[in-house]
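Read-outs throughout are calculated quantities, based only on the coordinates presented, and are distinct from any laboratory measurement. In this text, all values refer to a predicted model and were calculated from it rather than measured experimentally. Here Cβ is always computed from backbone atoms with ideal geometry, including for glycine, and neighbour counts include all displayed protein chains.
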Amino acid sequence: MKQTVDTFQAIGDPNRRLMLRLLSKDSLTINKLAENFDMTRPAVSKHIKILYRAGFITIEDIGRERHCILNQNGFKELRQWIDYFDNFWQTKLKKLEYLLNEKSKKNAN
Amino acid sequence: MQTEIRHTWFLDHSPATVWEHLTNSELLSQWLMANDFRPVAGHHFMFRAGPVPKMDFDGNIYCQVLEIQPLKKLSYSWKFGPEPGKIVLDSLVTWTLTARGQGTELSLVHSGLQEPEHAIAIQGMREGWDKNVGTRMVQLMINPKIHETNS
């Protein structure tokens, strides 16, 4: 239920967006990723955790290193509004049409 | 990336009747949602629906009439968020009516279904993000020294 909130929090931060852009090029180890940022290692880990929790990345242990890999699930979440409102408007318009038709039937009688 | 919804419906009723159902608060509430709409440009109003927490939607839609051309066009902003005072979606709803014989062609465009900043972020990652240009841009943004070394 908190998924969407996490999604938007996750990409609301410029550092995290930059992390995603870097990972869109290639998967990176946490150390490699951290090299691109002027922040402490725990701070980097915190950002990674947020991206992971929101479904934007997966973390895999390969050998001794932890790799961050871009995950499509986080991005799918962002598109829900389109699906939701598409369905919403279709339903509402059917209701409007029904309402209008009922009224003209009454007027005809 | 899709950020808008477009639909066109044909209604077997006059533009005047359809217009009334789009702009009369009581009629509007019969098919859309409870509201305090008034057909006046600049008027702020709300639609009220059931909350959808997973959509970050607390049930209140904050709107303002932006354009109103009687019997032809109506547009209003459409904003909501997970709690009062917090807006996550800032979108636009536009209705256009065209007389077709005895009836009306009603078009709806619901645009901006994405926060602008998010749309940019996603676009950067999903589409059109030319790998070379994109990567280089990122490198330049985060480490201008690369530029110096390369040139």
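Miscellaneous remarks
- In order along region B:75-82, the phi-based Karplus estimate (6.51 cos²θ - 1.76 cosθ + 1.60, θ = phi - 60°) of 3J(HN,Hα) comes to 9, 9, 6, 8, 10, 7, x, x Hz; Gly and Pro are listed as x.
- When peptides B:81-91, B:17-27 are sorted by average Cβ neighbour count within 10 Å, with the highest value leading, the order is B:17-27, B:81-91.
- Annotation for B:A49 and A:Q9: the two label points, set 7 Å from Cα along the Cα-Cβ direction, are 2.5 nm apart.
- In the elastic network of chain A, a GNM with C-alpha springs shorter than 10 Å, the most mobile of A:T58, A:T40, A:T91 is A:T91.
- Couplings 3J(HN,Hα) for region B:51-67, derived from phi with the Karplus relation 6.51 cos²θ - 1.76 cosθ + 1.60 (θ = phi - 60°), are x, 10, x, 5, 9, 6, 10, 8, x, 9, 10, 9, 10, 9, 5, 9, 8 Hz, where x marks Gly and Pro.
- Gyration tensor over alpha-carbon atoms, chain A, equivalent ellipsoid semi-axes in Å: 48, 12, 10
- Close amide H contacts of B:F57 (hydrogens built in the peptide plane, cut-off under 5 Å, sequence separation of 5 or more or a different chain): B:V52.
- Amide H partners (placed H, <5 Å) of B:H13, local residues excluded: B:T104
- Highest-MSF residue in chain A out of A:F37, A:F56, A:F85 [GNM, Cα springs under 10 Å]: A:F85
- Residues whose amide H lies under 5 Å from that of A:T29, counting only those 5 or more places away or on a different chain, are A:C68; hydrogens are built 1.01 Å from N in the peptide plane.
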